[in-house]
Amino acid sequence: MNCKVEQTKNANEVKVEITIEAEKFEEAIKKVYFKSAKYFNIPGFRKGKAPMQIVEKYYGKEIFFEDAFNELAGEALEEAVKENNLDIVSRPDIEVTQIEKGKELIFTAIMQTKPEAELGKYKGIEIKKIEYNVSDEDIEHELGHIQEHNARLISIEDRPVEKGDITTIDFEGFVDGKAFEGGKAEGHELEIGSNTFIPGFEDQIIGMKINEEKEIKVTFPEEYFSKELAGKDATFKVKVHEIKKKELPKLDDEFAKDVSEFDTLKELKEDIRSKKQKENDDKVKYETQEAVMKAVCEELKVEIPSGMIETETDNMLENMTQRLSYQGLKLEQYLQMMGKTEEEMKKEYEPQAIEAIKSRLAIEAVIKAEKIEATEKEIDEKLKEMAKTYGKENDEEFIKNENVRKYIKEGLASEKAMDFLVENAKIK
């Protein structure tokens, strides 16, 4: 195999021409034939037993070309990219220029390469100081959550529903006199005042008694996810079966002993304050880094190839698909609910994708400018930490894996570069 690389008229774009020997192409054709022979049914031969020449004569000599090309192209392209140290950021646009039996296989691939970013001002960046302090209200708010989590539910039988009660209800919804899909449930638990139902629904439950039935009239919001119901008037038939009320535990030392490892409420409050302060410190660190990076990116000069943006938005959509799957939703369902297409969603992601790419390119440029790198000792320590996290302390293959070491090395260098930018920023 040989290849020729040339720059196209477009910035950060190369054209790679690859020539594969005729013998190698012929071998690939034979390999494809042996893989697929069992599928060919030709008169006069048992299924899968027809010789290659007969199959080619019956279906046309080009029958194996596409699969043979696929057998060779990916590996050849990967080798060409590696040999020429190309940092590719887009899918290849492939064109076959010669594919014929007994001749060399020739094809071209146009690909975009990672751009060189030119740093502007990156030392002495001015940002406002970010601070988050823990207040007494924060402590009380967190204690309130713990109280709620440890509350008892008491059945109420001598009064109607009040705000804050937890009711068990049956309901069925109708629009224009017809029941609609998803509008019916039995034994549904609803906290009055939680605002989890259509606006106005929960308010009309207030005052109802056990076993009472009532018709509740509401209007679906204009922005409701179901287009068939958005803005429509609806009537719900509702029956109340149970009324329960939360009884919160008293905030005292006994409460602290029950819900934590501490003996006093004072100690519990101090622990909450400490944890909240750690959260705030982490938030300050993250937002400070974000502010510095935003300022550095504003000074950065770079032309980002379209393929790089496309890859980034694809990854973002893939991540979203994964997050939705944890909620039992498919991307298609979510897009339908939002009234958007996949392409529209990707378009919305573009500004965020460009920002993420710029940040990475800026960090890489700082690493290069300041000659930042991770030491072998730092890599070994991080590797041990990583192996422990994933339960691979005794996995020699993992510990000695060069790709894992490279990943850690690049990650540590990026962390150091970010620390460098923050340390050299002017925080006012």
Ignoring ligands and nucleic acids, D203 exposes an accessible area, probe 1.4 Å, in Å² to the nearest 10, of 110 Å²
Inter-part gap, Cα centre of segment 1-35 to Cα centre of segment 314-373, in whole angstrom, is 32 Å
Taking alpha-carbon centroids only, segment 227-260 lies from segment 93-113 a number of Å equal to 66 Å
Calc'd 3J(HN,Hα), segment 277-283, phi into Karplus 6.51 cos²θ - 1.76 cosθ + 1.60 (θ = phi - 60°), Hz, glycine/Pro = x, comes to 5, 4, 4, 5, 4, 5, 5
Neighbours of Q53 by Cβ distance under 12 Å: Lys/Arg at +1, Asp/Glu at -1, summed charge +3
Counting only protein heavy atoms with a 1.4 Å probe and every protein chain in place, the carbon and sulfur fraction of the accessible surface of segment 1-126 in whole percent equals 46 percent
Taking R0 as 56 Å and r as the Cβ-Cβ distance between K294 and T97, the FRET efficiency 1/(1 + (r/R0)^6), rounded to the nearest 0.05, comes to 0.75
Taking the chain and counting helices only, DSSP H stretches of n ≥ 4 at -39,500 (n - 2.57) each over all residues, the nearest-500 ellipticity at 222 nm comes to -15000 deg cm²/dmol
Taking a ≥ b ≥ c as the square roots of the Cα gyration tensor eigenvalues, with a/c under 1.5 meaning rounded and otherwise prolate when a/b beats b/c or oblate if not, segment 164-311 comes out oblate
Honestly segment 317-428 on the Cα gyration tensor test (a ≥ b ≥ c root eigenvalues; a/c under 1.5 rounded, otherwise a/b vs b/c for prolate or oblate) is just oblate
Given backbone amide H placed at 1.01 Å from N, residues whose amide H is under 5 Å from that of V89, ignoring those fewer than 5 places away on the same chain, are Q112, T113, K114
Residues whose modelled amide H sits under 5 Å from the amide H of E370, counting only those 5 or more places away in sequence or on another chain, are none
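The values are calculated or read from the model by the stated rules, or taken from the named source; none is laboratory data. Please read these numbers as outputs of a predicted model, since none were measured by experiment. Every residue, glycine among them, receives a Cβ derived from its backbone with ideal geometry; neighbour counts consider all protein chains shown. Protein only, heavy atoms only, side chains kept; ligands, DNA and RNA dropped before computing areas. Shrake-Rupley method; radii C 1.70, N 1.55, O 1.52, S 1.80 Å.
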